[in-house]
Structures are given as C-alpha cells and as structure tokens.
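Some notes on the structure that comes next.
The values are calculated or read from the model by the stated rules, or taken from the named source; none is laboratory data. Bear in mind the structure is a predicted one, so any value in this text is a computation, not a measurement. Because the Cβ atoms are built from the backbone with ideal geometry, glycine has one as well, and the counts that use them run over all protein chains shown.
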Amino acid sequence: MNVKSQVGAGILATCLASAAAAALATPAAAAEAPVDLPLQSLGGVLPVTPPTVSTAMPLLTPGMPQDLGHVGEGGLPELTLLPRTPIGSEFPETRVGAPMPSLLGGRPLGTALLTSPRSDVETSAPGASLGEPLSLPRGGEPGLPGVRLPKAAALSPTLSGVLESDLGLSPQEG
C-alpha cells in the first residue's frame, strides 16, 4: 500500500468512527427549554405583587411508527397508509408563586405556591388504514385470494400520563 492509500483509509476510518459515535450518543439529559414568564409588568396594574411562573418547554422525541404489518381478521397484514407515530416526552416541573397580601394590615401571610413535579407523558399521532386488501383463499378457486373493497379507517391518537400538583403556603421570607 502506498502512502496515499494509507492516508485515504485512515480518513475513511476516522469518518466512520465519528459517524458511529454520533449515532450511538445518548440524547441530552435536559431535553427541555426553560421558560420564565415575565409578569413583573403587571405590578403597575394589579393592586398586589404579581405572581411568578417558571416552567420549561418539553422537547418531543418521536419513536418508531406503530401498526406496520398489523395482522387483521383474515390473517393477512392490513394496508396502513399513515402509521401512528409514538411521541415520548415529559412534562417539566412547573412552579407558580403568588404573594399573599396582609388581610388586616399586619404582616404578609406568605406566598401561595402551586407546583407540579416532572412527569412522563406518552402520546401517539393519528394514523390512517385501508384494512385488508385481500381475503383468504377460497376453496373453489385455485388457491388465489379474493380482492376486497377498502375499509378506510382513522386510527385515533392516544395520550397517557400522570399529572400531580401540590398547593401550599410558604412563609414570608425576610
């Protein structure tokens, strides 16, 4: 092997190794974009201190399409036009805090806190199917399947998850 061949093989091996490393890399641990709602401008309009809201925008991760090769009643696979695609994500932690005013002119009561912890959610996009295009072979024909009229069907989307929330009163700081 001459020098050019060795250099070319080295470059090719480096490219393949970096592509494999990028493909096998795990996704980032923080799959969300933090969001703080700016409500301070409400202080001039509201007679109380404005609330604070902090949450994050979840980043969706699509999965492999479902229902491909789904076997129907006749034992033959259905013709799926648009397969359902699962989308996994998690609702981020959300905190809403509203300072409570003093009722009788005394010291303030504290801050009302509504928190929702991080929770997983699983969804799937809707899909479309035409059913089984062929029937099972009949006994009177030489082993050929019969042709069926399409049975169009919409595959409904799904959503599953658990949401929890806590409501409490935090003492006044200071």
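Below is a table of values for the structure above.
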| quantity | calculated |
| --- | --- |
| Members of segment 115-174 found to be assigned to a strand (DSSP E or B), under 30 Å from P62 (Cβ atoms) and out of contact with any Asp or Glu (no Cβ under 8 Å at 6 or more places or on another chain), listed by number | E122, T123, S124, A128, A153, A154 |
| Flag if P50 is in a loop (DSSP other than H, G, I, E, B), in contact with a helix residue (DSSP H, G or I) (Cβ under 9 Å, 6 or more places away or on another chain), closer than 30 Å to E32 by Cα and not aromatic (F, W, Y) | yes |
| Residues located in segment 72-114, provided they are in a loop (DSSP other than H, G, I, E, B) and farther than 30 Å from G127 by Cα | E93, P101, S102, L103, L104, G105, G106, R107, P108, L109 |
| Flag if T55 is in a loop (DSSP other than H, G, I, E, B), touching a residue at least 12 places away in the same chain (Cβ under 8 Å) and touching a strand residue (DSSP E or B) at 6+ places or on another chain (Cβ under 8 Å) | no |
| The listed residue being closer than 27 Å to T49 by Cβ, acidic (D, E) and surrounded by fewer than 15 Cβ atoms within 10 Å (Cβ to Cβ), out of D166, D120 | D166 |
| Any hit, segment 59-70, residues being assigned to a loop (DSSP other than H, G, I, E, B), among the small types (G, A, S) and at pLDDT below 65 | no |
| Residue within segment 101-112 that is closer than 30 Å to L46 by Cβ, in contact (Cβ under 8 Å) with a residue 60 or more places away in the chain and among the hydroxyl-bearing types (S, T, Y) present | yes |
| One residue from A98, A128 being under 18 Å from L68 (Cβ atoms) and within 39 Å of the chain's Cα centre (by Cα) | A128 |
| All positions within segment 77-96 that are surrounded by fewer than 17 Cβ atoms within 10 Å (Cβ to Cβ) and charged (D, E, K, R) | E93, R95 |
